[in-house]
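A.B. asks: For reference, the structure I am asking about is given below.
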Amino acid sequence: MLLWGCQRDPETAPTGRVRVTFDNVVGDKDLVLNTGTYTNSSNETFSVSLFNYYVSNIKLLKADGTSFTVPQDSSYFLIRESQPATQTISVGQIPYGEYTGMEFMVGVDSLRNTMDVSKRTGVLDPVGGHSGGMYWDWNSGYIFLKLEGSSPQAVETAGTFMYHIGLFGGYQAKTLNNLRTVRVSFTNTKAVVGQNLTPAVQIRTDVATIFDGATKISIAQHPDVMVSDFSATIANNYSQMFRFVNLQSN
């Protein structure tokens, strides 16, 4: 008598999707471009005219410590406050199972930064405009996060402030590495990916954390930050701005 063992080929195993919504806020207020007015912990008032950031290199985490890495070519998203449709992303090719959290990078990794431009399509296209101005032609690299706005305390820059944070370690000459990896737990819930089950995860992105994170940042003192050493301080703060809100199964 012969016993035949059979194991499903991972390439043919059933897969599904997870939807993730990034809800941009400032503290306990919704982020509203141009007309919303907010106050940071330095008692500086400000409004926001632009807020964009890259989310990439997504992993889905399991309770047993294992994880599933989303295929890299399908793992780059540009979240733009001015375009609500970009704030909900659909992550596919996820094996059926139960997931307790997710991990992602804020920014664009060094490998993709240095790839031939033909390998950088969609929101990574630095030529066709799909990157939405999130690329430094003069510095040949992606801007991971852009925050622009106005504040009466930004005296040195005529009432405006601008944070354009990038740098992945450099090509031949070494630079700062402002790539940051974020891990978000789904707390006591699980994202169940299965037949007719597409979990919807909501994550709150708090702009206030850029000013009021581990290091307090004053707009008056730092109204314009791009490639200076201080950009690492801003990156450290915004790596903490993501919070899990809820999860629904549809």
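The values are calculated or read from the model by the stated rules, or taken from the named source; none is laboratory data. Since the structure is predicted, the reported quantities are computational estimates derived from the model, not experimental observations. Neighbour counts run over all protein chains shown; Cβ positions are idealised from the backbone, glycine included. Protein only, heavy atoms only, side chains kept; ligands, DNA and RNA dropped before computing areas. Shrake-Rupley method; radii C 1.70, N 1.55, O 1.52, S 1.80 Å.
A.B. asks: Which residue, of SER140, SER185, is more than 15 Å from the chain's Cα centre (by Cα) and modelled with pLDDT of 95 or more?
C.D. replies: Being more than 15 Å from the chain's Cα centre (by Cα) and modelled with pLDDT of 95 or more holds for just one of SER140, SER185, which is SER185.
A.B. asks: Right, here's the next one. Among the hydroxyl-bearing types (Ser, Thr, Tyr), over 15 Å from MET162 (Cα atoms) and either touching a residue at least 12 places away in the same chain (Cβ under 8 Å) or in a strand (DSSP E or B) (or both) - does that describe any residue in the range 216-236?
C.D. replies: No: zero hits.
A.B. asks: Anything in the range 130-180 that is closer than 15 Å to TYR53 by Cβ, part of a loop (DSSP other than H, G, I, E, B), of a type outside the set (S, T, N, Q) and open to solvent by less than 10 Å² (accessible area, probe 1.4 Å)? List them, or say none.
C.D. replies: MET134
A.B. asks: Can you tell me which residue within the range 105-129, out of those that are touching a strand residue (DSSP E or B) at 6+ places or on another chain (Cβ under 8 Å) and in a loop (DSSP other than H, G, I, E, B), is farthest from LEU176 (Cα to Cα)?
C.D. replies: This residue is PRO126.
A.B. asks: Could you list all residues from the range 182-215 that are among the aliphatic types (A, V, I, L, M), touching a helix residue (DSSP H, G or I) at 6+ places or on another chain (Cβ under 8 Å) and not in a loop (DSSP other than H, G, I, E, B)? Before you say what the answer is, go through the steps one by one.
C.D. replies: Start the filter on the range 182-215 by keeping residues that are among the aliphatic types (A, V, I, L, M), which leaves 182, 184, 191-193, 197, 200-201, 203, 207-208, 210, 214.
Those left that are additionally touching a helix residue (DSSP H, G or I) at 6+ places or on another chain (Cβ under 8 Å): 210, 214.
Across the range 182-215, the qualifying residue is only ILE210.
A.B. asks: Checking ALA63 against (1) of a type in the set (A, V, I, L, M, F, W, C); (2) open to solvent by less than 70 Å² (accessible area, probe 1.4 Å); (3) part of a loop (DSSP other than H, G, I, E, B), which single condition isn't satisfied?
C.D. replies: (2)
A.B. asks: Moving on. So which of ASN43, ASN57 ends up being at pLDDT 95 or above, open to solvent by 40 Å² or more (accessible area, probe 1.4 Å) and not in a strand (DSSP E or B)?
C.D. replies: Only one candidate passes the filter, namely ASN43.
A.B. asks: Hey, could you check the range 109-129 for residues that are in contact with a helix residue (DSSP H, G or I) (Cβ under 7 Å, 6 or more places away or on another chain) and open to solvent by less than 50 Å² (accessible area, probe 1.4 Å) and say which is nearest to PHE77 (Cα to Cα)?
C.D. replies: Among residues in the range 109-129 that are in contact with a helix residue (DSSP H, G or I) (Cβ under 7 Å, 6 or more places away or on another chain) and open to solvent by less than 50 Å² (accessible area, probe 1.4 Å), the one nearest to PHE77 (Cα to Cα) is LEU124.
A.B. asks: In the range 183-207, what residues are small (Gly, Ala, Ser) and open to solvent by less than 20 Å² (accessible area, probe 1.4 Å)?
C.D. replies: Listed by number, the residues that qualify are ALA191, GLY194.
For every residue, the table says whether it meets (1) modelled with pLDDT of 95 or more; (2) over 25 Å from GLY65 (Cα atoms).
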site: GLN195; (1), (2): no, no
site: ARG204; (1), (2): yes, no
site: THR209; (1), (2): yes, yes
site: MET226; (1), (2): yes, yes
site: ILE234; (1), (2): yes, yes
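A.B. asks: Does THR88 meet the test of being under 22 Å from VAL245 (Cα atoms) and open to solvent by less than 60 Å² (accessible area, probe 1.4 Å)?
C.D. replies: For THR88, the condition - under 22 Å from VAL245 (Cα atoms) and open to solvent by less than 60 Å² (accessible area, probe 1.4 Å) - is not met.
A.B. asks: List every residue pair whose Cβ atoms sit under 7 Å apart, with the two residues 6 or more apart in sequence or on different chains, where the first one lies in the range 111-139 and is among the basic types (Lys, Arg) and the second, anywhere, is surrounded by 11 or more Cβ atoms within 10 Å (Cβ to Cβ) and in a loop (DSSP other than H, G, I, E, B).
C.D. replies: Qualifying pairs under 7 Å: ARG112/ARG120; ARG120/PRO126.
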